[in-house]
1. Being surrounded by 15 or more Cβ atoms within 10 Å (Cβ to Cβ), of a type in the set (Gly, Ala, Ser) and in a helix (DSSP H, G or I), is that true of even one residue in the range 149-166?
2. Is it the case, given these coordinates, that Ala28 is under 23 Å from Ala124 (Cβ atoms), out of contact with any strand residue (DSSP E or B) (no Cβ under 6 Å at 6 or more places or on another chain) and modelled with pLDDT under 95?
3. Being farther than 19 Å from Asn26 by Cβ, in a loop (DSSP other than H, G, I, E, B), aliphatic (A, V, I, L, M) and open to solvent by 40 Å² or more (accessible area, probe 1.4 Å) is the requirement here; does Val79 meet it?
4. Conditions: (1) open to solvent by 100 Å² or more (accessible area, probe 1.4 Å); (2) within 32 Å of the chain's Cα centre (by Cα). Met177 meets all but one. Number of the miss?
5. What about Asp144, is it assigned to a loop (DSSP other than H, G, I, E, B) and of a type in the set (Asp, Glu)?
Amino acid sequence: MLGGGVVILLAVFGTVSGSIRGVHPNKAASYQGDQFTCADGKQTFPISFVNDDYCDCVDGSDEPGTAACPNGSFYCANVNFKGQQIASSRVDDGICDCCDGSDEAASKCPNNCQQLGAHLMEEAKRIRKEQAIGFQQRLVYATDGKAAKERRDEEIKTFEAEVEELRVQMEERETHMKEAQTPAEEAKEAAREAHEAAEAVRTAETEEVIRGEAEHEYSLLDADGDGDVTTDEVTRSPFSYLVLGCFIVLLLRMIWTKRLLVAIYTCIRYLLSWCSVRPRKYHV
């Protein structure tokens, strides 16, 4: 397993660059043969001009392992760890920038890429373990969520069925209520019509009684029975004598109470009123 891990780290994090210092493995083919062409393709010269500590190419590609070109770059192979690209100005500056120490003179910087790679591998294992745990937890959550969704869908179906059942029951009750209200309303209407008819009968009977009483009173006034009431019949009626008697009693009471002037005045008013009656006929 260790050999496989080293192979993976070499493939992913870094490989040995070859005989020319500071060259990235992807660009190694450009530094083979007797001639070298700058990366911009503008100049070609002998391979011996590469890393001669003199900047021949404008793009700095002929000095990957020195600090001669300000725009050049240096590749740290960092075997067993991650490859690294640094500015060529940091080459041979006395500071160890690459974990394998390749940016400085030999034996000046220790190679600690093995330790860094081991630590990186342990970190990668830890991350993969956490990812596996997270994936398993995700599966648990997905399973629980699916089960919860199924339960919720089943509850919704049950609720909808109950709602539908209640709706049907309400419609049946409304139908029964309407069916029960129809006879009640018909009975109420019949009772109202019967009451109105009874009221009409009572009204007619009352009017008939009143009419009978009026005709009876009229017949009492119509002494000769010819259907016409004259002034003489009115004045000779018992009613007239009753009024006259009441007037006499009232007049005597006034005289008895020494209200003579009031009695005289009342007598005069009565006589004038009685004399103002002229013969005329009254018809029912």
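1. no
2. no
3. For Val79, the condition - farther than 19 Å from Asn26 by Cβ, in a loop (DSSP other than H, G, I, E, B), aliphatic (A, V, I, L, M) and open to solvent by 40 Å² or more (accessible area, probe 1.4 Å) - is not met.
4. Among (1) open to solvent by 100 Å² or more (accessible area, probe 1.4 Å); (2) within 32 Å of the chain's Cα centre (by Cα), the lone unmet condition for Met177 is (2).
5. It is false that Asp144 is assigned to a loop (DSSP other than H, G, I, E, B) and of a type in the set (Asp, Glu).
The values are calculated or read from the model by the stated rules, or taken from the named source; none is laboratory data. Because the structure is predicted, anything quoted here is derived from the model rather than measured. Neighbour counts run over all protein chains shown; Cβ positions are idealised from the backbone, glycine included. Just the protein is used for accessible areas: all its heavy atoms, side chains included, with ligands, DNA and RNA removed. Shrake-Rupley method; radii C 1.70, N 1.55, O 1.52, S 1.80 Å.
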